[in-house]
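For reference, the structure is listed below as structure tokens.
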Amino acid sequence: MDWSLIAQKIVLSFMTATFAIGAFFSFFVAPTLFKTLPKSEAGKVVEKIFPIYFALCLGLDALSLLAVFKANVGFILILILILTITLNAVQLYVILPESREKKRSGDREGFKRVHTISVFMNLTVVVLNLLGILYLIFKPF
């Protein structure tokens, strides 16, 4: 049994799941909520989903990182996963609490700044996962 090939497929599966969840949430769920619900209600729904979303992405990428060491796929993928794990952890443990505090205190400018950072970080995670997927698919092993 080729454990390296199995590990590569596990990494590919988890990174694909993270990418799909991120793309679906970022480009379908959030925009749809804000188009169909009043802004304040959509914000409440998204605020409830974010911790679950970031924790799920963090967990999937962490599992990918564990499997990648058995997959023999090189340093690039390890670096991508370390970056995505770091960005998701920062989102979950730093950005979300700061965002809630800015919202609670009525600091709209601060909230907009934190939100912009969050959007950039989230899109970076989605793109990095896509790059990891493409790397796994097209890199000759």
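One chain, two ends: residue 32 and residue 109. Fully extended at 0.36 nm per residue, the span grows by 25.3 nm beyond their Cα-Cα distance. List nothing, just return the count: lysine pairs in the range 3-138, 8 or more apart or interchain, with Cα separation under 23 Å. Lysine pairs meeting the criterion: 17. For a Förster distance of 30 Å, can you work out the FRET efficiency between the beta-carbons of residue 40 and residue 127, rounded to the nearest 0.05? So the FRET efficiency works out to roughly 0.50. Across 54, 120, 14, mean-square fluctuation computed from a Gaussian network of the chain (C-alpha pairs under 10 Å connected) peaks at 120. In plain terms, the chain from residue 52 to residue 4 could stretch by 14.2 nm, reckoned as 0.36 nm per residue minus the Cα-Cα distance. The mean sequence distance of close C-alpha pairs (under 8 Å, at least 6 residues apart), as a share of the length of the chain, puts its relative contact order at 37 percent. Secondary-structure-derived ellipticity at 222 nm for the chain, considering helices only, amounts to -29000 deg cm²/dmol, per-run term -39500 (n - 2.57) for DSSP H runs with n ≥ 4.
Relative protection proxy for 1-7, 24-30, 88-94, from highest mean packing down: 88-94, 24-30, 1-7 (other beta-carbon atoms within 10 angstrom). Only Cα sites of the chain enter the Debye sum here, all with the same form factor; the resulting log10 I(q)/I(0) across q = 0.15, 0.18 1/Å is -0.74, -0.96, listed in q order.
The C-alpha atoms of the chain define a longest principal axis, and helix 108-138 lies at about 20 degrees to it.
Charge dipole (Cα centre; +1 on Lys/Arg Cβ, -1 on Asp/Glu Cβ; no other charges) of the chain amounts to roughly 360 debye. Let me make sure I get this right: for the range 1-69, a, b and c are the square roots of the gyration tensor eigenvalues over alpha carbons, sorted descending. Under 1.5 in a/c it's rounded, otherwise prolate if a/b > b/c, else oblate. Which is it? In terms of gyration-tensor shape, prolate.
We did not get these values from a lab; they are worked out from the coordinates using the rules stated. Everything numeric here is computed off the predicted structure, so don't read it as measured data. Using ideal geometry, Cβ is built from the backbone for each residue, glycine included, and neighbour counts are taken over all protein chains shown.
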